[in-house]
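Worksheet for the structure shown next.
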Amino acid sequence: MPAYLGDGPRGRSVVNKEGGLPGLVEHVSSRTDTTRFRMITFCNQAYWPFSHSMLQSMKFVAPTLIPFWTVIAADKATEELIRKQAPEVDVFVDSDLADIVANSEHAKLADLKQLLSWRRMHAIYGLVNAEFTTVFLEPDVVFTKNPLQLFHDMLLNADIITTSDYGLGGQAVRRVNTKIIFAKPSEESKKLLDVWQRAEPAYDGADSEKGFLVNDILPNADKMEATIHVLDQTSVSNYLTHNEAGSPTMITGTGCDDVNFKLNFMTQIERTVLPAGPEGVPSINYEQVRSGCDFKTRTSVQRASTIGAAASKGGILASPRKLGARQPQTLNPNH
């Protein structure tokens, strides 16, 4: 059995077993020639429209990344949909998840949601331990420019990188999230990811893997060997932080909980990235999605974010690696 029932924290009915995602490393390895770099996204039929927007943006700003992107499909139906609409995309069917769901008919919906959220950590852990530099992306991400330089620069001085809801520089640490996670195959990263994925059964706090990061990892960052970096809103924007004055590398749907309004916002973002028509680049209609997104927080964030403010690209949460320590490989998906 890939998961166990009835003995999780607070009587949680189902959790992932320790270790990597069954079959994922073998699948990715079979599609890898030389560069051990992989981007992964979990997706079902409902969220494929988001992932499709990500694909469209990649086609325009970073086409060389597409062969290094694996969509982890929830079931065969999702796989068939993706292969029909985007045959160029690599798809891995998470059959282990299907087994879990089939054997967990009495599991609570909240427990299944937590299991799915934690699953990203198992996928990242397995790939990093197989020496892959790994980037996890939730489906609602659009690239506005080629992210390779950002990936490379950030991983020079960090083992693991996450993103935030909003905030500039060190302020972003207080609003950290796990929507996008970069990890390089350093020994320090492997150790931290091992602790992180093994924490699932015992962690009894809120927000799943993000909660463990906030409550257990970050407060002890100065004691860890691994260096963690949090990207702020200048690098990764979202509904709360986006405005025409910024120049982020990625934009996400954070801030829109309603899936339909989130899709509306991300579709608008996609249109600003794709080649402009005769009327030029379209503007974003924030009012159009106001009722399904956190407009109050957006207003507060926009007020606090002074246009042109000098901000760093994130907060370093542990001492930089000592001189002479292992350096990350250069990412070059063109080879």
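Values in this text are rule-based calculations from the coordinates and carry no lab data. In this text the structure is predicted, and so the values were computed from the model without any measurement. Cβ coordinates were reconstructed from backbone atoms using ideal geometry, including for glycine residues, and neighbour counts include every protein chain displayed.
For Lys17, the aspartates and glutamates whose Cα comes closer than 17 Å to its Cα, not counting residues fewer than 8 places off in the same chain, are Asp7, Asp94, Asp96, Asp99, Asp111, Asp194, Glu200, Asp204, Glu209. The label-point distance for Thr64 and Ala102, in a model that sets each label 7 Å from Cα toward Cβ, rounds to 4.2 nm. Take the convex hull of the alpha carbons in region 127-261; its mean projected area over all directions comes to 8.7 nm². Given R0 = 22 Å, the distance between the Cβ atoms of Arg31 and Asp75 translates into a calculated FRET efficiency of 0.60.
A simple spin-label model places the labels of Lys113 and Ala46 1.0 nm from each other, with each point 7 Å out along Cα-to-Cβ.
For region 227-250, the residues whose amide N sits under 15 Å from a probe point set 7 Å from the Cα of Thr299 along the beta carbon direction are 240. Only one residue of Ala123, Pro219, Thr32 has its Cα farthest out toward the positive end of the dipole of the chain, where Lys and Arg carry +1 and Asp and Glu -1 on Cβ, and that residue is Pro219. Pairs Lys108/Lys179; Lys108/Lys191; Lys190/Lys223; Lys84/Lys190: which exceed 27 Å Cα-Cα? Over 27 Å apart, Cα to Cα: Lys108/Lys191; Lys84/Lys190. Descending by average beta-carbon neighbour count within 10 Å, the peptides 213-225, 85-97, 259-271, 134-146 line up as 134-146, 259-271, 85-97, 213-225, the highest first.
Here the average projected area of the convex hull drawn through the C-alpha atoms of region 128-189 stands at 4.9 nm².
Kindly point out which whole DSSP H helices in the chain project their C-alpha atoms 30 angstrom or further along the helix axis while averaging a Kyte-Doolittle hydropathy of 0.0 or above. Walk me through the numbers on the way to the answer.
Working: long enough: 109-129 (31 Å, 0.15).
Span-like helices, by this rule, are 109-129.
When DSSP assigns beta bridges and you keep just the ones with both residues in the chain, what percent turn out antiparallel, to the nearest 5?
On the way: 17 of 35 bridges.
If I count the DSSP bridges inside the chain, around 50 percent turn out antiparallel.
Remark: spin-label model distance Asn285-Leu156 equals 4.3 nm, labels positioned 7 Å along the Cα→Cβ axis.
Each part reduced to its alpha carbon centroid, region 40-102 and region 117-135 end up 17 Å apart.
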